[in-house]
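Values in this text are rule-based calculations from the coordinates and carry no lab data. Please read these numbers as outputs of a predicted model, since none were measured by experiment. A quick note on method: Cβ atoms are made from the backbone with ideal geometry, for glycine too, and the neighbour counts reach across all protein chains shown.
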Amino acid sequence: MDLSSFFKLLLRHKYTLVVVPVIAVIITFFLVRNQPDSYISESQIATGIVDQTQSFGAAAFLQESKITQDFSNLTAMLRSKRMLDQISYQLMIHDLTNTEPYRKPSKLLKELNSSARAHAVKVYKEMYSKMQPLSLFNSDQNGLHKLLASMKYDDQSLTKTLSVYRADNSDYINISFESEDPELSAFVVNSLSNEFIKHYTTLVKVNQRKAINFYSDLLQVKQDTLDARMAALKNYKIRNRVLNLDEQAKALYGQIADFETRREEAGKETITNLNAAKTIDQKFTPNKRGYAESAVIDINQKIVNVRAQLQDLNYLYVQTGFKPVLKNRIDSLQRVINGLIGQSADKYSNNPLAIKQDLIEQRSQLEIQHEIAKSSVKPIGNELSRLNNRITQLVPHEAVVQAYESSIQIAKDEYMEILAKYNQTLLDSNFTTKLRQIEVGMPGAAQPSKKMLLVIISGIISFVFCLVVLFLLFFFDDSVKTPRQLADKTKMPVLGHIYKLTSPSIDLKQVWTDNQGGDHQLIKNLLQSIRFEVDTDLQDGKILLINSLAQAEGKTFLAINLAYAYAQVNKKVLLIDGNFTNTGITEAVKPGLFIEDILTGHVPEQQLNPASRITVAGNKGGDISLMQIAAESQITSQLQQLKAQFDVVIIESSALCTLNKAKEWIGFADKIVTVFKAGRTIKNSEKPAIDYLTELPGKFSGWVLNEASKNQVSTGS
């Protein structure tokens, strides 16, 4: 994209860029000059969501997303139609019942008679008290809604200048309203704040009462469930004589462990003492043993009796759970047995077996200990069996009791959870809502006038609009306006250009005879430049064909002026009108010679040598082509004679869109110049013709851009 061309386009439309914004500024000024001043009033509400100083008890941590959601809900409720309808009703009631309304009565309001006004006030008050919207399906209420809209008191009109937002990240919500009356602005923000707080408080209280009733009923149900399960557990324990299973099981397991330890010790002592006694018996011969036993028969009998007592006492000791009192009695009998054993040992003092008295004493003690240990094994085993049976009996009770206790714990947890929620809800209901209006809206001063700002904005917007329109025209404009654009689009050379004439007609003689400057001199210089480029490319050739892609491109103008340009450099020129479709040269000059006569040999040679430097040969017109006039060989022969008689032969043919009528002349031409009219787009149907010119072997000299804009070409674009 060539931005320099765009800036040149802006330069050409500089007056448009100035006039349009000026007109827009003037129109805006007259539209806003009677615009009333505006007044803004603001109110502020503290929510208590972030400010925990209003909270009772411990402050709760709130996530930022939850805080944002809460504020969004509050602001949406403030801007809701229900809240705005309440303000609309109050405003209409005020204007209908007050001698000094906030706004000038609308046309619809002025048409109401006294009874209609009274009816409107009644309906508005009823809707206000019930917090209900007007039904548009009801014809009467629909008319009252139109009355609201006519006064611009409806919710949509109020929303246009109403602003509700959270102040930064604070705990406050700001409400601002702009209107033409300071009292109206203050009334709207204060009424909206009060209505919102009242509605929100009522809504919260109703929900709290519902929650209290719900939790109260649910709490009673949970309490009844808990009491029933506790009563079932109590009855089961009473019916099965169950006290404390945990303590009982703990005591029984302790006793079992103690008895198992004692049984192991008794078993070990029985085996150990028996083996030791057998070892001592092996040291005595039967005679010595009989002698010793006969000597202590009485003592041994006493020992046996005491042993029997000791065994019974030891059994009782096990049965009673190893009472310390019985332990003392056992120790006492043990001392008695030891004394009898000592007496038995004394019998051996003068006996030949006296040297064995220590062994006999040890043997007696081992036998006693063996009997004691042996007698305690059985009662210990019996006691272990009894304790295990008691443990077995406790297992079913433990399972049932655990099931009861588990259900009781679940019921208790549910009861405590509901109780906590009930207490919290009851506590919250005893406190007023956290919402409160901390800043009352006051009638403010008039805001700075926006009239001048609107006027300036209108000028800027209109100026930008013009820029955008011009840019779009430039961006989508694919037309050829300059020689450079023509060369870029066709990839072929451009010999020159001719400016568009400011006057509808021009005197060619004046162009070539006027040397006073101005447009005539400029066009003359451009044509001389084109003549020079053509003459340079023509070299030894003499026949120059001028054509175009479409009709009315300016071929006739170029052909005639090139003839004048060649005549100015003392060249003898023959100008032929070869355009049988549009005989422009013939109509302009009205010559006496015709190309049809020349090509058929009906023109004497002396008639082709006039005194002037320019000879014009017209055509008789008609829907014919070159090859219809004469044979190709004859045409070639006649043109060769013309080349011998003239320095340059300039032929204007029809446009290439005429197909063979234009192409038949190309075969006889030495060089070809094609005229292109500036300001139009190269069509897709014309691209084959451009390709055809490109493929001509050394014949195509270049383009001449006709009717070019002086401003565009002079800037070098």
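The overall shape of segment 630-717 is prolate: from the C-alpha gyration tensor, with semi-axes ordered a ≥ b ≥ c, the ratio a/c is 1.5 or greater and a/b exceeds b/c.
For segment 647-672, backbone nitrogen atoms closer than 13 Å to the point 7 Å from Arg680 Cα along Cα-to-C-beta are found at 655-658. Under the simplified labelling scheme, the Asn609-Arg12 pair shows an inter-label distance of 5.1 nm, with each label point 7 Å from Cα along Cα→Cβ.
Our summary gives segment 576-617 a relative contact order of 51 percent, counting only alpha carbon pairs under 8 angstrom and 6 or more residues apart. Placing +1 on each Lys and Arg Cβ and -1 on each Asp and Glu Cβ, with no other charges, gives segment 480-714 a dipole about its Cα centre of roughly 620 debye.
Given R0 = 45 Å, the distance between the Cβ atoms of Asp478 and Tyr165 translates into a calculated FRET efficiency of 0.35.
Label zone (Gln156, point 7 Å along Cα-to-C-beta; backbone nitrogen cut-off 15 Å) within segment 66-94: 81, 85.
Shape class of segment 544-680 from the alpha-carbon gyration tensor: oblate, with a/c at 1.5 or above and b/c at least as large as a/b. Using the structure shown, select from Lys8/Lys661; Lys152/Lys205; Lys66/Lys125; Lys104/Lys130; Lys14/Lys160; Lys671/Lys710 the pairs with a Cα to Cα distance greater than 30 angstrom. Beyond 30 Å between Cα atoms: Lys8/Lys661; Lys152/Lys205; Lys66/Lys125; Lys14/Lys160. Working from Cα pairs under 8 Å separated by at least six residues, relative contact order for segment 593-702 is 23 percent. With the gyration tensor restricted to C-alpha atoms of segment 419-497, the semi-axes of the equivalent ellipsoid amount to 73, 27, 6 Å, longest first.
Size descriptors for segment 480-714, from the alpha-carbon set: Rg then Dmax equal 17.0, 50 Å. Taking 7 Å steps out from each Cα toward its Cβ at Gln402 and Lys104 produces label points 9.0 nm apart. Take the Cβ atoms of Phe30 and Glu587, set R0 to 56 Å, and the FRET efficiency comes out at 0.50.
Rounded to the nearest 0.05, what FRET efficiency is calculated for Leu522 and Ile461 with R0 set to 51 Å and r the Cβ-Cβ distance?
Computed FRET efficiency for Leu522 and Ile461: 0.80.
Taking each residue as 0.36 nm, the span from Val336 to Met627 lengthens on full extension beyond its C-alpha to C-alpha distance by 87.6 nm.
Summarising the label geometry, the points placed 7 Å from Cα in the beta-carbon direction at Thr202 and Asn660 lie 9.7 nm from one another. Estimated at 0.36 nm per residue, the fully extended path between Lys489 and Asp597 surpasses their Cα-Cα distance by 34.8 nm.
Ordering Thr28, Thr279, Thr99, Thr161 from the fewest to the most neighbouring beta carbons within 10 Å gives Thr99, Thr279, Thr161, Thr28.
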